[in-house]
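Worksheet: the structure to be examined is printed underneath.
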Amino acid sequence: MVVQKIVATFVRQFEKNEEMRKNIIRNAALALLCMLPAMLHAQVNSKPGFVITNGNDTIYGTIDYLSDTKNANECRFKADGATEFKVYKPGDISAYRFTDNGIFYVTKTFSVEGESKTIFAEYLLQGGVNLFHHKEDGTDYFFFTDRDGKIASVKNIGSLLNYSSRTENKNNKRAALREVSQMLAESSKAQHDLWVKDVTADNLSKIAYDYNMEFCTDAGECVKFRYSEKATRNFIARLRLQAAIAMGSNELLAPSKTKNLTMTAVAPQLGVGVDFLLPRSSKHWSFQALGLVTKWDISKEYQVYDNSLRQRTAYLKYINLGLQAGAAYSLKPEWKVSPVLRGGLDVGQIMGTKENVTPLMIGDGKMNVSNIGYYVGAGVDIPVQKHMLRLAVEYKRARTSYSTMTISHVAMTAGVRL
């Protein structure tokens, strides 16, 4: 009873005070951000792999997968049998690779925006012409090397390198591809593909592979190290499971002689849905469709304002079948723990009702009604092996048809993307 009174008081004040709502959401977001340093320090995204020393020895163990950008600057490696990770910088080792034909990084020195840098470059293709990839400040850089040690580079700067009939885009693409075109000048097919295809790892790997198979057969086997169909997919759908505890209220609209009644409670919630990812176009944005089941069980005494001034006990017991559809924005997807914001449309249908609220609700008092509203939330995404754990705070507000009831809650959610 004490807990229910505390929750009821909190929700009642939360509903009435807009400034309070803003402060709670802001403070929750700040609290999550304050937790980031400790979480970043503790979280390790371990994957099996090996390092190749400068003496060409191979040592097997575990590699902490950081991000596309951070992997270029350091390798956190724990050898089999060791208890702690050791940090290698480019040049400390010759290469490292994640097992099961995973991503392969090698120590290379390339010019990036006019500055010579020694990095762990991602090895995409080995042959008479080799291809390497490097990501920095959100830009993808690609480097071709041949048997004579010549280097040709191109970077992906978005739509300026897309195939287009516009003269400006043609000139930009021609200038950007000049070095690579000269290196692959023997092949008219390579020239054509460079011109009509976007500058992506998958396309460049295919162009260089075809060139090697035709003109570099004496260089030995041509090997692709990455970018299977799954890795280069434009669109990925992933299953999401979610559980939550919602602290909220149901405000019932009443006839003129009776005050509106606000009933508060704590409601459990379960959800299942799909996350839609866009790995090649944006690592920040994702979209979500989530089906939710929320069980409300609420009761409250109220006074009927007629001649009798009698007391009644109102109760509501129902299940709200809901659907949330919206977007999520990950602020720092390259971090091990990334702050995330989300929001969108919330629709629902009240089912399996049991109620005693007459004469509070206008109309026939039937509870099998639909509701529509919105939701907003803030939290963090934490990678766990190949999955993604999301911890978040969410605020939802929806109104039933005929405006007979307003449903709102603040929920603490925990979900996993499989």
Proxy reagent accessibility, fewest Cβ within 10 Å first, across F287, F104 | F287, F104
Residue-span extension gain [S46 to L323] - 0.36 nm each, minus C-alpha spacing = 96.2 nm
Relative exposure of T139, T406, judged by other C-beta atoms within 10 Å (fewest first) | T139, T406
Formal net charge of residues neighbouring G61 (Cβ-Cβ distance under 14 Å; K, R +1; D, E -1) | +1
By average Cβ neighbour count within 10 Å, what is the ranking of 203-212, 71-80, 50-59 from highest down?
-> 203-212, 71-80, 50-59
Count charges around N130 for me, please; just the other residues with Cβ under 10 Å from its Cβ, Lys/Arg as +1, Asp/Glu as -1.
-> +1
What is the extension gain from V223 to V384, computed as 0.36 nm multiplied by their sequence separation minus the C-alpha to C-alpha distance, in nm to one decimal?
-> 54.9 nm
About its Cα centre, the range 46-224 carries a charge dipole, from +1 on Lys and Arg Cβ atoms and -1 on Asp and Glu Cβ atoms, whose size in debye to the nearest 20 is 360 debye
Between I372 and A185, what is the spin-label point distance in nm, taking each point 7 Å from the Cα along the Cα→C-beta axis?
-> 6.4 nm
Considering only Cα-Cα distances, which of the following residue pairs are longer than 21 Å: K47/K155; K170/K224; K108/K224; K78/K336?
-> K47/K155; K170/K224
So how much slack lies between E74 and D100, counting 0.36 nm per residue of separation and subtracting their Cα-Cα distance, in nm?
-> 7.3 nm
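Bear in mind these aren't lab numbers, they're just calculated from the coordinates by the rules spelled out. In this text, all values refer to a predicted model and were calculated from it rather than measured experimentally. For neighbour counting, all protein chains shown are included, and Cβ atoms are generated from backbone atoms with ideal geometry for every residue, glycine included.
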